[in-house]
Amino acid sequence: MPDPLISVVIATRDRGRRVTHTVESALKNLSTYSNFEIIVVDQSADNHSQQAMQAYEDRPDVVYVRSHTKGLARARNLAIARAKGELIAITDDDCVVSESWLREICKAFRQYPGVSILFGNVLPGEHDSSAGFIPSYRRQQARVISRAIDKNDVDGIGACMALRKQIWQHLGGFDEMLGVGGIMQSSSEGDLVLQALYKGYQVCEIPNIVVVHNGFRSWEAGAALIERYWYGTGAMFGKHLKLQPVNTTLLLVMLGWRWAFGSSRVANSIGPNTQKLVRLKAFATGFFRGLATPVERHSGHFFVRPASNNRSGAR
């Protein structure tokens with residue numbers, strides 16, 4: 001069976017030439033997997049990444065797209081819309097993927113033909129742990145879920161993610177109001193997972209699909225990261241409470257128990273001080289924002305109603 005074409009999606013913003021480290025790591029997959037393309041969508045305010053990417057302008061397997069849009073979800077949607085592959089592999093512009101990354105992604109989709117979205121392990125790069133941390137995500141064993149009620153056991157992050165393009169199309173892509181740079185600040189990946197589960201698709205996590213994350217943050221920056229992440233998570237749950245009230249209520253009850261007594265793999269990577277009160281406040285604020293924001297029920301996405309042109313006042 002020939003290997004399917006995989007489209008590697010990398011969204012970047014203001015990383016300068018560092019994005020080429022991610023591109024170079026993806027190109028090293030040629031030693032184990034030859035049928036892939038790389039699509040870089042650049043939303044930078046400056047031209048440094050564009051200049052660095054000129055090194056690949058003669059390579060047909062590397063596509064560079066300059067965009068004046070904003071938001072991680074929007075950049076990923078732009079890239080996937082251009083993708084030729086039936087499988088989409090996603091990583092971030094501060095990551096280095098393993099040389100077997102694409103081979104393992106292909107292997108996982110073949111091993112689990114019912115799976116539509118998968119996540120791998122995100123390991124922290126070298127850093128001084130006394131000065132700060134690198135968000136990461138580790139799972140010891142493979143986990144496949146097919147019920148929305150199990151969503152809280154799958155916390156995979158977009159730094160190591162893959163999906164079938166037809167599922168992305170069926171779900172209407174990532175909700176562009178979610179995710180870094182969006183109004184709701186985070187959780188576009190988790191939102192896509194919930195939408196997939198509610199529509200009967202399977203999602204899995206595979207520990208031998210690995211990337212190394214080099215996104216170092218100081219301890220002082222940790223509070224802002226936690227606040228943004230949980231605000232977006234709250235907004236996501238607020239939206240889904242309107243779309244799927246019974247199932248989402250059960251998920252919220254389980255999430256509350258986990259917040260009080262359990263743990264989160266992402267939160268654990270931040271260190272011993274997971275700032276539960278900061279997380280709770282941010283989640284509640286985002287949750288009520290999500291409840292208050294209109295949702296287009298067919299797509300399951302947030303939308304902002306256009307301002308009224310009625311100048312005569314309310315009636």
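The values are calculated or read from the model by the stated rules, or taken from the named source; none is laboratory data. Keep in mind that what you see is a predicted model, and the values were worked out from it rather than measured. Backbone-built Cβ (ideal geometry, glycine too); neighbour counts: all protein chains shown. For accessibility, only protein heavy atoms count, side chains too; no ligands or nucleic acids. Shrake-Rupley method; radii C 1.70, N 1.55, O 1.52, S 1.80 Å.
Considering the stretch 1-26, the residues that are out of contact with any strand residue (DSSP E or B) (no Cβ under 8 Å at 6 or more places or on another chain) and either open to solvent by less than 50 Å² (accessible area, probe 1.4 Å) or in a helix (DSSP H, G or I) (or both) include one that is nearest to residue 88 (Cα to Cα), namely 3. Of all residues in the stretch 169-224, those satisfying the criterion of being open to solvent by 10 Å² or more (accessible area, probe 1.4 Å), part of a loop (DSSP other than H, G, I, E, B) and touching a His at 6+ places or on another chain (Cβ under 9 Å) are 172, 176, 177, 199, 201, 214, 216. Within the stretch 223-242, the set of residues being more than 8 Å from residue 286 (Cα to Cα) and modelled with pLDDT under 95 comprises 223, 224, 225, 226, 227, 228, 229.
On the given criteria, is residue 11 aliphatic (A, V, I, L, M) and under 22 Å from residue 160 (Cβ atoms)? So residue 11 passes the test. Restricting the first member to the stretch 178-201 and to residues that are over 15 Å from residue 149 (Cβ atoms), and the second to residues that are of a type in the set (S, T, N, Q) and not in a loop (DSSP other than H, G, I, E, B), the beta-carbon pairs closer than 8 Å and six or more apart or on different chains are 178/188; 179/188; 182/188; 186/233; 187/233.
Apart from one condition, residue 216 fits all of (1) at pLDDT 95 or above; (2) among the hydrophobic types (A, V, I, L, M, F, W, C); (3) farther than 15 Å from residue 240 by Cα; the exception is (1). Which one is most open to solvent (accessible area, probe 1.4 Å), of the residues in the stretch 61-79 that are in a loop (DSSP other than H, G, I, E, B), out of contact with any strand residue (DSSP E or B) (no Cβ under 8 Å at 6 or more places or on another chain) and not hydroxyl-bearing (Ser, Thr, Tyr)? Across the stretch 61-79, the extreme among qualifying residues is 68. Scan the stretch 176-191 and give yes if some residue there is touching a Cys at 6+ places or on another chain (Cβ under 6 Å) and among the small types (Gly, Ala, Ser), otherwise no. For the stretch 176-191, residues touching a Cys at 6+ places or on another chain (Cβ under 6 Å) and among the small types (Gly, Ala, Ser): absent.
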